[in-house]
Amino acid sequence: MTQVDILIVGGGPAGSSLARALRDTPLRIAVMDKREFPRDKVCAGWVTPAVMDTLQIDLDDYRQGRTLQPISGFRISQLGQKQVETHYQDEPVSYGIRRREFDEYLLRRSGAELMLGQAFKTMERDGESWLINGEIRASLVIGAGGHFCPVARRIGAKLGSSEQVVAAQEIEFEMSEEQKAGCHTEPEVPELFFTPDLKGYGWIFRKGDYLNVGLGREENHRLSDHVRAFCDFLRESGRLDFDITDKFQGHAYLLYPHALRQVVDEGVLLIGDAAGLAYPQSGEGIRPAIESALLAAQVIREAAGDYSKEKLQPYQQRLEQRFGERQPTPSLLERLPLGIKQVLASRLMQTHWFTRKVVIDRWFLQSHQPPLQQSMPVSKN
């Protein structure tokens, strides 16, 4: 029998950030993940300087043997319309990363005991603690396993049955010399293409020798058809001189305003995508995942070993303080008929002010939101 104070189920950015935020405590913390690391993860793969600052990542250290692609601008459009290009003159506004590298880097420096290649199977209450897989005893279990997190299911999440999810398909691969010559998109300027029906967007993003292409929609109906059509568009528009023949990987996540999951229970907390925290317009989930981990760390410290639902409840309140109400009152724009919204969106997407100030700065970079203050020890290891 293995005894730990906190078992974190899921080794992504949320789980590793929580472990690192508590590394100066006497708590014994373990991270369980069914995969070995490094492992591939479906994600467009860019993070803002605010994320790097919050994680206290030394950029010079990180780029040693890893991809760190500076982003200085974006090209934005609706599919079929002229692109609007925005460039930033100062420091990079974002960085392209490969999730297999980024997640392993965070996990290895977390300071947690690692239980990799171990699937979560059972979770039973045993007095004041939980018994996981019949062999791990934990006072507190953290669900950090993404949208399909088994801990979320254990405390009542109805995965896939009643939740309004965003479904995405993505591929990232190292290009051959011939493919690099036939890729006509700039590494410093990712391109985003919103669908005319306002249900999602596609992207093409070059990270040095790697290419990332994907598309996400607020429904799963015929998603593969939409992805194939998008790849055809990239070829026909001259961005690629080659076909993408490898298989796209799927992913699902909840947008914060529509996520109704319970995030706190007796001896249980959900963080990251398991709690449904992705930003509603962009679907970006790395920053809210990390911030949810830091908020959880605050509550865990204050609980001082009492992980009752009552003691953990402030976590829910702090999520709402940081990210807003779960189901806010729809704005006037949101209440407009779909046809009118489509016309407005088509026109706004062709203006430089809207694409920069709203789409890029607010939706994707979250530049209006200051970084969450925290105190994690700096380390290059």
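Points worth noting:
- Simple spin-label estimate for residue 66 and residue 179 in nanometres, 7 Å along Cα-Cβ: 2.3
- Centroid-to-centroid, using Cα positions, region 111-150 and region 44-68 are 29 Å apart.
- About its Cα centre, region 1-160 has a charge dipole of approximately 640 debye under the convention of +1 per Lys or Arg Cβ and -1 per Asp or Glu Cβ, with nothing else charged.
- The stretch between residue 128 and residue 197 holds 19.8 nm of extra length on full extension. This uses 0.36 nm per residue minus the Cα-Cα distance.
- Which label in [x] 53, 24, 16; [y] 35, 23, 20; [z] 38, 26, 20 gives the computed semi-axes √(5λ) of the Cα gyration tensor in Å: [y]
- When 185, 122 are compared by accessible surface with a 1.4 Å probe, the order from highest to lowest is 122, 185.
- Taking the convex hull of the alpha carbon positions in region 105-152 and averaging its projected area over all directions gives 4.0 nm².
- Within the chain, helices built from complete DSSP H runs that reach 24 Å or longer along their own axis (Cα positions) and carry a mean Kyte-Doolittle hydropathy of 0.0 or higher are 286-303.
- Charges were assigned to the Cβ only: +1 to each Lys and Arg, -1 to each Asp and Glu. The resulting dipole of the chain about its Cα centre is roughly 620 debye.
- With all protein chains kept in place, the per residue accessible area of the chain amounts to 45 square angstrom at a probe of 1.4 angstrom.
- Extension reserve of the residue 59-residue 308 stretch, reckoned as 0.36 nm per residue once the Cα distance is removed: 85.7 nm
- Within the full protein context, the accessible area of residue 1 is estimated at about 140 Å² for a probe radius of 1.4 Å.
- Using the Cβ-Cβ distance between residue 331 and residue 81 with R0 set to 25 Å, the FRET efficiency works out to roughly 0.55.
- Among beta bridges that DSSP assigns inside the chain, antiparallel share in %, nearest 5: 65
- Computed from the Cβ-Cβ distance with R0 of 25 Å, the FRET efficiency linking residue 363 to residue 340 stands at 0.75.
- When all protein chains stay in place and ligands, DNA and RNA are ignored, the 1.4 Å accessible-area order of 222, 322, largest first, is 222, 322.
- With both labels modelled 7 Å from their Cα along Cα-to-Cβ, the residue 158 to residue 28 distance reads 4.0 nm.
- Contour excess over end-to-end distance, with Cα ends at residue 121 and residue 266 and 0.36 nm allotted per residue: 50.3 nm
- For region 46-130, applying the loop criterion from DSSP together with a ceiling of 11 other beta carbons within 10 Å to the trypsin sites (Lys or Arg not before Pro) yields 82, 121.
- Element breakdown for the chain at a 1.4 angstrom probe: carbon and sulfur atoms account for 47% of the accessible area.
- Figure legend: label point modelled 7 angstrom from the Cα of residue 352 along Cα→Cβ; residues of region 86-103 with amide N under 16 Å from it are 86-90.
- Figure note: 102, 248 ranked by solvent-accessible area, largest first, 1.4 Å probe, ligands and nucleic acids not counted: 248, 102.
- Here is the P(r) of region 288-368: all C-alpha pair distances, binned every 10 Å from 0, give 15, 29, 26, 18, 11, 2 in whole percents.
- Measuring against 19 Å, Cα to Cα, the residue pairs 41/247; 180/207; 41/207; 121/158; 158/311 contain 158/311 as the ones spanning a longer distance.
- Options 251, 231, 72, ranked by Cα towards positive dipole end of the chain, top entry (Cβ charges): 251
The values are calculated or read from the model by the stated rules, or taken from the named source; none is laboratory data. In this text, all values refer to a predicted model and were calculated from it rather than measured experimentally. We place every Cβ from the backbone using ideal geometry, glycine too, and count neighbours over all the protein chains shown. Note: accessible area is taken over every heavy atom of the protein model, side chains too, but ligands, DNA and RNA are not part of it. Shrake-Rupley method; radii C 1.70, N 1.55, O 1.52, S 1.80 Å.
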